[in-house]
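Written out below as structure tokens is the structure these notes cover.
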Amino acid sequence: MSYVLIIGAKSDIAQAIAKKYAENGYNLYLAARQANELEIFAKDLAIRSNQTVQCLELDILDTASHPVFYNDLPEKPEGVITAVGYLGAQDLAQSDFNEAQKIIDTNYTGVVSLLNLIANDFEQRQYGFIVGISSVAGDRGRKSNYIYGSAKAALSAYLSGLRNRLDASGVDVLTVKPGFVATKMTAGMDLPAKLTAQPEAVANDIYKAQQKKKNVLYTKGLWKWIMLIIKHIPEGLFKKMSI
């Protein structure tokens with residue numbers, strides 16, 4: 001079975017995805033900063049799934065290193081899943097551009113740098129799949145997280161264009177838009193239980209959607225309708241709302 005490259009592999013969602021793909025016979029590249037911290041997880045997963053699981057060092061912000069990273073892979077992957085995410089601090093980002101830039105570059109610029117390389121390779125080979133985890137936060141800017149949301153909006157637009165470009169080459173591109181997910185990144189937040197997914201459920205949804213060659217996935221599915229309503233609230237009313 002071919003390899004799947006998971007970028008941002010230390011996140012809770014990424015590790016749930018890794019388990020799902022390994023269970024279904026895929027070998028894995030797990031890429032992240034300080035990838036040595038993934039060794040215990042990778043060894044356990046390899047034993048449980050009887051698949052090859054390799055940990056790779058990758059800094060999504062070090063765009064100059066991306067060509068070497070991808071070109072040095074022992075075997076090019078069949079698919080790539082980017083689970084990179086940095087929520088950051090909206091209040092700090094409003095006054096400190098270093099924080100704003102870190103949010104933007106982690107969630108968008110660095111991902112584009114790496115996916116451009118992968119997309120070119122997949123297009124040349126005429127097969128493969130790309131899964132990009134965006135967010136419902138990108139569907140409409142809100143005062144509580146609009147810098148993070150703007151980066152995710154840019155990622156969603158990028159993935160849409162990539163999907164349009166690569167369709168003729170037989171390469172599938174899935175945009176994933178999770179709502180609330182119970183992860184380390186959202187720890188301490190007061191999230192509504194009925195709207196909050198567990199990482200394992202998100203991973204299951206992603207695997208099913210990717211295998212079915214879907215284009216866009218909201219998870220939980222209810223978020224598709226929630227965001228449809230939010231996107232259609234008139235701007236004059238929306239700007240007065242505290243959401």
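The values are calculated or read from the model by the stated rules, or taken from the named source; none is laboratory data. None of the values given here were measured: they were computed from a predicted structure. Here the Cβ positions follow ideal geometry from the backbone for every residue, glycine too, while neighbour counts run over all protein chains shown.
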| note | In the stretch 195-237, residues that are in a loop (DSSP other than H, G, I, E, B) and under 22 Å from residue 12 (Cβ atoms) total 3
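At pLDDT below 95, under 22 Å from residue 132 (Cβ atoms) and either surrounded by 15 or more Cβ atoms within 10 Å (Cβ to Cβ) or of a type in the set (Asp, Glu) (or both): is that true of residue 11 in this structure?
Numbers: at pLDDT below 95: yes; under 22 Å from residue 132 (Cβ atoms): yes; either surrounded by 15 or more Cβ atoms within 10 Å (Cβ to Cβ) or of a type in the set (Asp, Glu) (or both): yes.
Answer is yes for this residue.
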| Scanning for something touching a residue at least 12 places away in the same chain (Cβ under 8 Å) and in contact with a Ser or Thr (Cβ under 6 Å, 6 or more places away or on another chain), does the stretch 62-76 turn up at least one residue? | yes
| Would a scan of the stretch 106-113 turn up a residue that is crowded, with 21+ Cβ neighbours inside 10 Å, in a helix (DSSP H, G or I) and of a type in the set (Ser, Thr, Tyr)? | yes
| remark: Counting only residues that are touching a Phe, Trp or Tyr at 6+ places or on another chain (Cβ under 8 Å), in a loop (DSSP other than H, G, I, E, B) and surrounded by 18 or more Cβ atoms within 10 Å (Cβ to Cβ), the stretch 166-189 contains a total of 2
| request: Answer yes or no: is there a residue in the stretch 77-100 that is under 25 Å from residue 203 (Cα atoms) and acidic (Asp, Glu). | output: yes
| For residues in the stretch 83-103 being in contact with a Gly (Cβ under 6 Å, 6 or more places away or on another chain) and part of a loop (DSSP other than H, G, I, E, B), which is surrounded by the most Cβ atoms within 10 Å (Cβ to Cβ)? | 83
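Can you tell me which residue is nearest to residue 26 (Cα to Cα) among those in the stretch 123-147 that are in a loop (DSSP other than H, G, I, E, B) and among the charged types (D, E, K, R)?
This residue is 139.
Restricting to the stretch 206-215, what's the tally of residues that are closer than 15 Å to residue 23 by Cβ and out of contact with any helix residue (DSSP H, G or I) (no Cβ under 8 Å at 6 or more places or on another chain)?
Filtering the stretch 206-215 for residues closer than 15 Å to residue 23 by Cβ gives 206-208, 210-211.
Next, only the ones that are out of contact with any helix residue (DSSP H, G or I) (no Cβ under 8 Å at 6 or more places or on another chain) stay: 208, 210-211.
Total satisfying the criteria: 3.
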| field | Set 160, 150: member being farther than 26 Å from residue 19 by Cα, touching a strand residue (DSSP E or B) at 6+ places or on another chain (Cβ under 8 Å), not hydrophobic (A, V, I, L, M, F, W, C) and not in a strand (DSSP E or B) | value | 160
| field | Enumeration of residues in the stretch 21-50 that are in contact (Cβ under 8 Å) with a residue 60 or more places away in the chain and surrounded by fewer than 18 Cβ atoms within 10 Å (Cβ to Cβ) | value | 24
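Anything in the stretch 151-165 that is in contact with a helix residue (DSSP H, G or I) (Cβ under 8 Å, 6 or more places away or on another chain) and either among the acidic types (Asp, Glu) or surrounded by fewer than 16 Cβ atoms within 10 Å (Cβ to Cβ) (or both)? List them, or say none. Explain how you work it out, then say what you get.
Taking the stretch 151-165 as the starting set, the residues that turn out to be in contact with a helix residue (DSSP H, G or I) (Cβ under 8 Å, 6 or more places away or on another chain) are 151-156, 158, 162, 165.
Selection gives 165 alone.
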| note | Cβ pairs under 9 Å, 6+ apart or interchain, first in the stretch 91-107 and without any contact (Cβ under 8 Å) to a residue 24 or more places away in the chain, second of a type in the set (D, E, K, R) and part of a helix (DSSP H, G or I), ordered by first then second residue, are 92/99
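If I ask for residues that are charged (D, E, K, R) and farther than 30 Å from residue 78 by Cα, which ones from the stretch 130-144 would you list?
Kept after step one, since they are charged (D, E, K, R), are these residues of the stretch 130-144: 139-140, 142-143.
Of everything in the stretch 130-144, those that are charged (D, E, K, R) and farther than 30 Å from residue 78 by Cα turn out to be 140, 142, 143.
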